[in-house]
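Have a look at the structure below, then the notes.
The values are calculated or read from the model by the stated rules, or taken from the named source; none is laboratory data. Note that the structure is predicted; figures quoted are calculated from it, not measured. Every residue, glycine among them, receives a Cβ derived from its backbone with ideal geometry; neighbour counts consider all protein chains shown. With ligands, DNA and RNA removed, areas are computed over all heavy atoms of the protein, side chains included. Shrake-Rupley method; radii C 1.70, N 1.55, O 1.52, S 1.80 Å.
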Amino acid sequence: MAQTLNTAVSRTDAPRKVTGTATYAADVIPAGMLHGALATSSIAVGTLTGLDTSAAEAEPGVVAVYTHENLPDYKSVKGFYAGGPGSASFWPMEGTEIKYAGQPIAYVVAETAAAARRGAQLITADYDSRPADVHMDPADSFVIGATGDSKGMVATKGDVPKGLAEAAQTLDVEYTTPFQHHNPMEMFASTAEWRGDRLTVWMPSQSVRTLRLGIAKAFGLPETSVRVISPFVGGAFGSKAGITPYAMLTIAAAKAVGAPVRLIVTRPQMYTVATFRPESVQRFRLGADETGKLTAFEHIEIAQTSQFDVVTNPGTHITRAMYASPNIHTEQRVARSDTNTGGFMRAPNEMQTFFGLEQAMDELAHKLGIDPVEMRRVNDTDRHPVEDVPFSSRSLMECYDSVSDTFGWADRTAEVGSMTDGDWLVGYGCATATYPTNILASNARVRMRGTGHAYIELAAHDVGTGSYTIFAQIAAARLGLPVEACDVVMGHGDMPVAPLAGGSGTAASAGSAVHDACLRIGRLVAAEVSRQPEGPLAGVSADRITLEDGVLRGPDGHSQSLVEALASTATTEVEAVGEFRHPALTDKLIRATFSGGYGTAGPVTPECAMFAFGAEMAEVHINRWTHEIRVPRAHGAFAAGTILNRKTAHSQLMGGMVWGIGSALHEVTEVDKPRARYLNANIAEYLVPVNADIREIRVEMLEERDDYVNPLGVKGIGELGIVGTAAAIANAVHHATGRRLRHLPIRMSDLV
Amino acid sequence: MRNFDYHRPADMSAAIDAARAEGAEILAGGTLMVDLMKIGVREPDALVDITGLADLEGHDIGMDRIRFGALARMADVADDQTLKTAAPVLTESLWKAASPQLRQAARLGGNILQQTRCPYFRDTAYSQCNKRAPGSGCAALDGGKTNLHAILGGSDDCVAMYPGDWAQALIAFDAEVHTQGPGGTRTISFADLHVMPGDTPQIETILEPGEIVKHITVPVIPALKASHYLKARDRESYAFASASAAVGLEMEGETVRDVRIGLGGVAAVPWRARQAEEHLKGKSLTEETARETGRIAFADASPLEGSEYKIKLGADVVAGALMTAHARSQGGE
Ligand SMILES: Cc1cc2nc3c(=O)[nH]c(=O)nc-3n(C[C@H](O)[C@H](O)[C@H](O)COP(=O)(O)OP(=O)(O)OC[C@H]3O[C@@H](n4cnc5c(N)ncnc54)[C@H](O)[C@@H]3O)c2cc1C
Ligand code: SF4
């Protein structure tokens, strides 16, 4: 049997994707389908005083125009951060209140998409406008939730001022990160079809269960009357997690018009009708003795939130787990702004905070005259610095050693501005990456046939990450089948519950449920064959038979392949539902996941702290004439427990680093302050790296064993790659130029 | 997008007739026109697709002048290796523009007539934009974001920046534009084609309704050979210039005999830095004189909030471009 785990397996869905036969949500065209389009508000805050839809209604092809006055009612559900399934707690078109620019104010239904969009352009509105600010005011921030509890939003250990007083060097700095908007290739879309009281919704989703539950609740339907279908997702990154207004409006419009309706949100509208990465301020006060050992660690994060939700992406939970220090204080604060509610974007707690933390460590190392890698080494720890529990596994310095080697860190000359290459200044920088390991309840159903085929079903999601492939691999490895013989079906709301595809938790949690289902199949088949009159395992007590890599083994050396054993049974087929219930999962957490929420037991349990680690290094070149900043090389070494598929994992980590380069040098949503609107809501002006910006990216995945996290030993890798990249680049820019740039993105205008 | 009539005339006179009609617009590759129609910024009643006019295709390199058809594709000209050797600035400025897909679709006539990327112009949700809706005001100047706007040639009514690259090479090297319209044919000096915004920013060129650009010519002069287009941008490809320079040098021994400098990413219209050219003529080309020339090119710049960096960046880019052109004049890269 060829090895199927910890090896490079090409995506099982790749042929379907490249031949265009993978059916994405917007590819489905129900009979009689009409097209939707949104008209959105041009002001940010105020009241709608008039809406003229007559021109839109007169436009050929337009079937109906819905506004807050004639759209069917639905029950508002709460936003994710208020414990509900929505992307935000405020639902547009319920009344005349305008709370952010680009808020939907009317919904046009037409026979063609062009007519619908034209209709939307023809709608004019009058407003009573009030002043608005898209940016938060950090001075107006407040702490989220309870205080005093180290698991809460504030954590204190020891005495930070005392630690600072004892330090040989201190640092008191502030970093800022901008808001960034989601630009997955697949546009936001949703198609709704009502048949009487039964509703089908096709929509790219990171959580079909969350959608089904929320939609059922909003429209007063039993969950069993709602089908949510999302087999393929063309990139999500956090943007397709909750129920968004555009989906709810489409469902309501389809109900009102009496025909299926499909809405494809335009690219500029994608910036306002869904979530985004909030802007943030990261304040650090650090102190260290002359060897670099931290004597004080203080991190206060202030992140942006809306007027109607409190976005809780606690980055300080992660930073305080990184380095040993006797004195620690962290605080998680938010400040309000006149925008839609922000949310998750790849590494929502880590990307911004590590841009701060890892530059701060570099700044302090520089002040102390210590090599930045050594700075991390002297502060490495095998216990969580605040919770005082051991890490389930932590290979941070192994990652640094590996990446130092491939990158050639030893060639770096410490002095600022000391390295050049022709017309280019050269800088090397490094940074730590981490990602918490999330533990979530999951189920999965596996059916196996004696012909050597298996069918795996679960309400999990392949958001482009490779989940179809790794679930097939897990089943193949356990059942002793070729990967191609394992069919995985996902993305339907009525399949066995699997967690929301977020927090890099799918492989670990849903994968463990697939694993468990396979073991159960082994036990069922063992029971059958042990009862048979003849055969290699006949008469062997079933509970002494184990399943190892597709082979049933008895205690006395007798064995039989699972497929053969199954073929010899009367039914020749067997089915089991596997469960992943880590001991750290409380009933409350399990219930949360089963009701569409995110019930994670990670990253710190009463026994362990669970994090994946990585170390990244970047080489930066800065042109002496154009001041352009380029990244000819970025290397990363990562340790994340078992790597199920070395090919898809490599792609995830590399993709994360590419995005990290974009965060460092390109990405920012520009704002028009007086009118509180965005200025570059399109992919010509919202810059992300193009091919020419990405040169050498090297990813190493270290072997690491972790028996605590889950039976597969898997941590998450989906978000890990992005975490250290921006800081590594900023540190390299400092090394090249002596300029400390404490904001993102770093652009040539900063260096002239 | 609003419904419109579509014509694809087979000959020039039919094209002119169709294009002179009220509300009609000319369509070449469509990368600007269709884009602006989709976002509701331009709403023509009719499009006159001129891509059937075969005479306007292609380009050729003569002894005295280089001729570019208005329908030549950006990609075809950018990839011409003979032209690259004879006049690097003319290929580099195309090659560094837009993306491969756009360069395949876009034509040179449309390229020189491209419109600003001012975000307020391109988003009809902003009610103020004198260029889009004359007399409505200027959102950029009314507290808006101006880091990407013109620091040369702007007015109180409009500070939109002309974003194109190739035009900077054309203006620096005295190109001419040959047109045909209802009033017959005419030749326009490239420097006269675009007009400063003043108090009529909606008027961008001197072309009359129905007047079609047929071709563009560039006289062959020694400075073309030692020329260079240097473009500074935040990403390596597919980005408009933060600042750029189209330069060429003719040396006589150690002395600069002729120098050409066009500036991109900084001005309201294609921009020639004549004062800087005059300053450098007769001097030797060193890093010091190159930098000095760069500074003079921006002596009259008036930065807007957030665009101060363009003065220093622009000067450095001019200097860097001159250094490369100088190396080329010495037979090096
Ligand atoms: C995302 C993006 C990025 C870009 N990046 C760059 C860049 O980095 N640098 C750069 O220089 N450009 C850039 N461009 C602009 C691009 O080069 C122009 O859109 C293109 O050259 C226009 O050519 P076209 O044939 O598509 O013109 P069209 O869109 O067909 O026409 C453009 C205009 O010219 C008029 N017109 C066209 N041909 C004639 C003619 N023969 N006579 C009279 N009028 C005519 C049309 O009526 C219209 O007003 C970019 C464009 C996009 C969309
Ligand atoms: S700068 Fe010109 S194009 Fe931009 S908003 Fe002002 S008037 Fe309009």
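One table, with the values for the structure above:
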| item | result |
| --- | --- |
| Residue within region B:146-154 that is over 30 Å from B:LYS312 (Cβ atoms) and either of a type outside the set (A, V, I, L, M, F, W, C) or within 12 Å of ligand 2 (Cβ to nearest atom) (or both) present | no |
| Residues being closer than 16 Å to A:ARG591 by Cβ and either open to solvent by 10 Å² or more (accessible area, probe 1.4 Å) or basic (Lys, Arg) (or both) - total across region A:432-448 | 1 |
| Residue list for region A:259-275, filter: under 16 Å from A:TRP91 (Cα atoms) and touching a Gly at 6+ places or on another chain (Cβ under 6 Å) | A:THR272, A:THR275 |
| Residues within region A:630-642 that are among the hydrophobic types (A, V, I, L, M, F, W, C) and open to solvent by 10 Å² or more (accessible area, probe 1.4 Å), tallied | 0 |
| Given (1) under 20 Å from B:ARG107 (Cα atoms); (2) within 25 Å of the chain's Cα centre (by Cα); (3) more than 9 Å from ligand 1 (Cβ to nearest atom), number of the condition B:ARG8 does not satisfy | (2) |
| Residue within region A:60-73 that is over 30 Å from A:PHE344 (Cβ atoms), of a type outside the set (Lys, Arg), free of Cβ contacts under 8 Å to residues at least 60 places away in the same chain and open to solvent by 30 Å² or more (accessible area, probe 1.4 Å) present | yes |
| Hits in region B:269-297 - residues which are open to solvent by 20 Å² or more (accessible area, probe 1.4 Å) and under 19 Å from the mean Cα position of the chain (by Cα) | B:TRP271, B:ARG272, B:ARG274 |
| Qualifying residue in region A:359-366 (condition: open to solvent by 20 Å² or more (accessible area, probe 1.4 Å) and part of a helix (DSSP H, G or I)) | yes |
| Enumeration of residues in region A:643-667 that are open to solvent by 20 Å² or more (accessible area, probe 1.4 Å) and either within 25 Å of A:TYR708 (Cα to Cα) or not small (Gly, Ala, Ser) (or both) | A:ARG646, A:LYS647, A:HIS650, A:GLN652, A:MET654, A:VAL658, A:TRP659 |
| Some residue of region B:103-119 being of a type in the set (D, E, K, R), within 16 Å of ligand 2 (Cβ to nearest atom) and touching a residue at least 12 places away in the same chain (Cβ under 8 Å) | yes |
| Members of region A:66-88 found to be modelled with pLDDT of 95 or more and more than 16 Å from A:TYR246 (Cβ to Cβ), listed by number | A:GLU69, A:ASN70 |
| Pairs with Cβ under 9 Å, 6+ apart, first in region A:559-580 and without any contact (Cβ under 8 Å) to a residue 40 or more places away in the chain, second among the β-branched types (Val, Ile, Thr) and part of a helix (DSSP H, G or I) | A:GLN560/A:VAL529 |
| Filter pass, A:LEU425 being open to solvent by 40 Å² or more (accessible area, probe 1.4 Å) and among the hydrophobic types (A, V, I, L, M, F, W, C) | yes |
| Answer residue from region B:304-333, given it is within 22 Å of the chain's Cα centre (by Cα) and away from chain A (no Cβ under 12 Å) and is farthest from B:ARG260 (Cα to Cα) among those | B:LEU304 |
| Candidates B:ASP64, B:ASP35, filtered to the one that is modelled with pLDDT of 95 or more and within 16 Å of ligand 2 (Cβ to nearest atom) | B:ASP35 |
| Within region A:92-176, strands (runs of 3 or more DSSP E) holding 2 or more residues that are under 21 Å from A:ARG320 (Cα atoms), in contact (Cβ under 8 Å) with a residue 24 or more places away in the chain and open to solvent by less than 60 Å² (accessible area, probe 1.4 Å) | A:154-157 |
| Wholly enclosed strands (runs of 3 or more DSSP E) of region A:450-563 bearing at least 1 residues in contact with a helix residue (DSSP H, G or I) (Cβ under 6 Å, 6 or more places away or on another chain), within 30 Å of A:PRO184 (Cβ to Cβ) and of a type in the set (Val, Ile, Thr) | A:453-458, A:486-490 |
| Boolean, B:GLY29 is outside any helix (DSSP H, G or I), in contact with a Gly (Cβ under 6 Å, 6 or more places away or on another chain), closer than 24 Å to B:MET1 by Cα and more than 16 Å from ligand 2 (Cβ to nearest atom) | yes |
| Selected residue [open to solvent by 10 Å² or more (accessible area, probe 1.4 Å) and out of contact with any strand residue (DSSP E or B) (no Cβ under 7 Å at 6 or more places or on another chain)] from B:ASP76, B:ASP49, B:ASP45 | B:ASP76 |
| Filtered residues of region A:215-240 (kept if surrounded by fewer than 24 Cβ atoms within 10 Å (Cβ to Cβ) and closer than 11 Å to A:GLY596 by Cβ) | A:ALA216, A:LYS217, A:GLU223 |
| Filtered residues of region B:144-164 (kept if away from chain A (no Cβ under 14 Å) and touching a helix residue (DSSP H, G or I) at 6+ places or on another chain (Cβ under 7 Å)) | B:GLY164 |
| Some residue of region A:613-633 being part of a loop (DSSP other than H, G, I, E, B) and touching a Pro at 6+ places or on another chain (Cβ under 9 Å) | no |
| Filter pass, A:THR569 being within 30 Å of A:MET448 (Cβ to Cβ) and open to solvent by 20 Å² or more (accessible area, probe 1.4 Å) | no |
| Among the candidates A:VAL688, A:VAL620, residue that is open to solvent by less than 20 Å² (accessible area, probe 1.4 Å) and either at the interface with another protein chain (Cβ under 7 Å from one of its Cβ atoms) or at pLDDT 95 or above (or both) | A:VAL620 |
| Test set (1) over 22 Å from the mean Cα position of the chain (by Cα); (2) under 20 Å from A:SER749 (Cβ atoms); (3) more than 16 Å from ligand 2 (Cβ to nearest atom); (4) not aliphatic (A, V, I, L, M) - B:ASP165 fails condition number | (1) |
| Selected residue (only one of B:ASP60, B:ASP55, B:ASP17, B:ASP76 is more than 14 Å from every other protein chain (Cβ to nearest Cβ) and assigned to a strand (DSSP E or B)) | B:ASP60 |
| Yes/no for A:MET610 being more than 14 Å from chain B (Cβ to nearest Cβ) and touching a helix residue (DSSP H, G or I) at 6+ places or on another chain (Cβ under 8 Å) | no |
| Count of region B:221-251 residues which are in a strand (DSSP E or B) and either within 16 Å of ligand 2 (Cβ to nearest atom) or open to solvent by 20 Å² or more (accessible area, probe 1.4 Å) (or both) | 3 |
